[in-house]
Amino acid sequence: MCEDTVSTCGTTDSAPYPKLVTTRAEDWSLLSWPRQKMRGLRWRYSWLPSQMEDALCGENGEEEEEDEKNEAASAPVPDPEDPVEPQLTEASQVLGASEIRQLSLHLPPRVTSHPWSLAFGTSRDGFSLQRLYRQMEGCSGPVLLVLRDQEGQMFGAFCSSSLRLSKGFYGTGETFLFSFSPQLKVFKWTGSNSFFVKGDWDSLMMGSGSGQFGLWLDGDLYHGRSHPCATFNNEVLARQEQFYIRELEAWVLS
């Protein structure tokens, strides 16, 4: 059978004359295949300038989109449960903005959105417990009692209902004592007893146990005492057990 052949010249060490070497056509195609493949690869990656610009724009767009996603993922998301900063009907002479924000975190959820209305203040109404009771008449909402003593210490109490004259202790487990010393410390109800608040003509008491009161104020709202008590398991709110009041305010949260 006849085959297509291509003749090439070659030499050997034993023969000085050229020797014909027969190569089949299919062998020749195999030898030339790598060069054809490289041409195909060069043709495949030869882009026009406009195509190059489109490709670069596409890559940049993907990078920008990815950057936006990363920024969105790292951006702080506001907590929907963050309490609303309370609105005061007038400026406080005891608490600053920082103390107000810190206290608002510990208020019962039912009052967090209510404005703070100043019912009594010694700088405006004088130093009198009886006057405080009169100012609280008609108020049914909870009360935040805040005071600053002569040494500059800030402390007080949150009462679940208004301050009033009473024959015995009243209130609920929402009541608590607090002190800034200098960081805020809050003393919640322990469940040991229900001696929350008691109002007499000549004194106001909050928390009790073993004959001691967590917070006690005299009828002139000038002299006070603080002791650890079972109701709140609190520390002494002032720097000393006995203190003298410089400023006192009662805010109604309703």
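A quick yes/no check of all residues on (1) out of contact with any helix residue (DSSP H, G or I) (no Cβ under 9 Å at 6 or more places or on another chain); (2) among the polar types (S, T, N, Q); (3) in contact (Cβ under 8 Å) with a residue 40 or more places away in the chain:
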residue	(1), (2), (3)
K198	yes, no, no
D218	no, no, yes
L221	no, no, yes
G224	yes, no, yes
A230	yes, no, yes
V236	yes, no, no
Y244	yes, no, yes
E247	no, no, yes
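If the condition is being surrounded by fewer than 14 Cβ atoms within 10 Å (Cβ to Cβ) and out of contact with any strand residue (DSSP E or B) (no Cβ under 7 Å at 6 or more places or on another chain), then region 116-125 contributes only R124.
Pairing residues of region 166-177 that are under 20 Å from D202 (Cβ atoms) and open to solvent by less than 20 Å² (accessible area, probe 1.4 Å) with residues that are part of a loop (DSSP other than H, G, I, E, B) and modelled with pLDDT under 95, at Cβ distances under 9 Å and at least 6 apart in sequence or on separate chains, gives no pairs at all.
To keep it simple, each residue is scored yes or no on (1) farther than 20 Å from W189 by Cβ; (2) modelled with pLDDT of 90 or more; (3) in contact with a Pro (Cβ under 9 Å, 6 or more places away or on another chain).
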| residue | (1), (2), (3) |
| --- | --- |
| A73 | yes, no, no |
| P80 | yes, no, no |
| P83 | yes, no, yes |
| E90 | yes, yes, no |
| G96 | yes, yes, no |
| I100 | yes, yes, yes |
| L105 | no, yes, yes |
| P109 | no, yes, yes |
| S113 | yes, no, yes |
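Of everything in region 184-203 that is of a type in the set (A, V, I, L, M, F, W, C) and within 36 Å of the chain's Cα centre (by Cα), the residue that is most open to solvent (accessible area, probe 1.4 Å) is W189. Taking region 103-123 as the range and being outside any loop (DSSP other than H, G, I, E, B), of a type in the set (G, A, S) and farther than 12 Å from W251 by Cα as the test, the residues that pass are S104, S123. Of all residues being among the basic types (K, R) and in contact with a Ser or Thr (Cβ under 9 Å, 6 or more places away or on another chain) in region 215-254, which is farthest from K188 (Cα to Cα)? Just the residue, please. That would be R246.
Across region 204-248, what is the total count of residues that are open to solvent by less than 10 Å² (accessible area, probe 1.4 Å), part of a loop (DSSP other than H, G, I, E, B) and of a type in the set (V, I, T)? Result for region 204-248: 1.
The values are calculated or read from the model by the stated rules, or taken from the named source; none is laboratory data. Source: prediction; values computed, not measured. Neighbour counts run over all protein chains shown; Cβ positions are idealised from the backbone, glycine included. Accessible surface is based on the protein model in full, side chains and every heavy atom, while ligands, DNA and RNA are left aside. Shrake-Rupley method; radii C 1.70, N 1.55, O 1.52, S 1.80 Å.
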